[in-house]
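Inspection log for the structure reproduced underneath, given as structure tokens.
Just so you know, all these numbers are worked out from the coordinates, no wet-lab data involved. Just so it is clear, the structure is predicted and the values come from calculations on it, not from any experiment. Heads up, the Cβs are rebuilt from the backbone with ideal geometry, glycines too, and the neighbour counts pull from every protein chain shown.
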Amino acid sequence: MTNALTIGRKSGERRAAAASRRRSRSARPPWQEPPSTVGQAAKGLTLGGVLAVVLVPMWIILLTSFSTPGAINRAGGLVIWPDGLTTQAYREMLADSTVLTALLVSLGITAVGTAVSMIVSVLCAYGLSWPRSLGHRPILVLLIITMFVNGGLIPSFLVVTGLGGYGQWWALILPSAVSVFNILVLRAFYSGTSGELIDAARMDGAGEWRILWSVVLPTSRAVTAVIALFYGVGYWNSFFNVMLYMPTDSQKWPLQYVLLTYVNRGNGLPGSLNTGFGNAHVQTAPLSLQMAVVVLTLVPLVAVYPFVQKHLRTGVLTGAIKG
């Protein structure tokens, strides 16, 4: 009799536990449900497809840059499978001073431009994060208006050239130094900074500069790294301002504009417009040289991205949610 009661009690407990689990599962949002086999397979296929879309073009570009003219001719253009590899394109590309100069120009513009943009954006976002700050609402409204309404290309060109920016380095940085969207993301994050920390810092005698440097910035490393990445990628990939403000001085061209010029003309870089890379085209296919320059433009981004990747999702999502 005792065994029957024990078995019955255990059976009832198991049924109650199962019912409790069913209720807890039904109370959870759909996105928190345990993944099914079909769902897991669909996620795997989707991620695999996205990965293929990203990696396959990079593989083709890299392989074509190392391919011989014969391999490119047999493939009819871009090379998918290895067939006669050589580093001739890279040797001849780096032997041209135009590429090395353009690389240094791009690195300098990216470093200086990112620093200028981050200083302006952080200061503006911090000032706008306090509702009682001077001119808070009018300045915020003006900034938002510029996201949808601007003077256009010709007025911008006239302003920059009127200030003496034609042919000057600063014309590649200052006209695009501020992104209102990035300021709003930073402002949304700074608005959610713990008030207790700021009050404690003020009680200790800290001023606004000290609070920004010692309290706000250390608690917002993720969003700061993400915004810096956005600015850096923008400056690194920029070439349009070069077309506007220094189209004739090839010594001031960044790497992206050199690549654009070479791809459009197809037979050499600005430093060697008549012969290409010396007599490179006798030994190296033009397409291989083009892909080698493309690879060179990708290397700095690929090298920097792993250091900020861990902050990417946290910074963007936190900045958006706290707003």
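List of remarks:
- Relative contact order %, the stretch 88-322, counting alpha carbon pairs below 8 Å whose residues are six or more apart: 34 percent
- Once both labels are positioned 7 Å from their Cα atoms along Cα-to-Cβ, the gap between MET147 and ASP204 label points is 3.5 nm.
- Taking other Cβ atoms within 10 Å as a rough exposure proxy, LYS43, LYS252 sort from fewest to most as LYS43, LYS252.
- Using the Cβ-Cβ distance between LEU197 and TRP59 with R0 set to 30 Å, the FRET efficiency from 1/(1 + (r/R0)^6) comes to roughly 0.05.
- At R0 = 30 Å, FRET efficiency that the Cβ-Cβ distance of SER156 and VAL308 yields, to 0.05: 0.50
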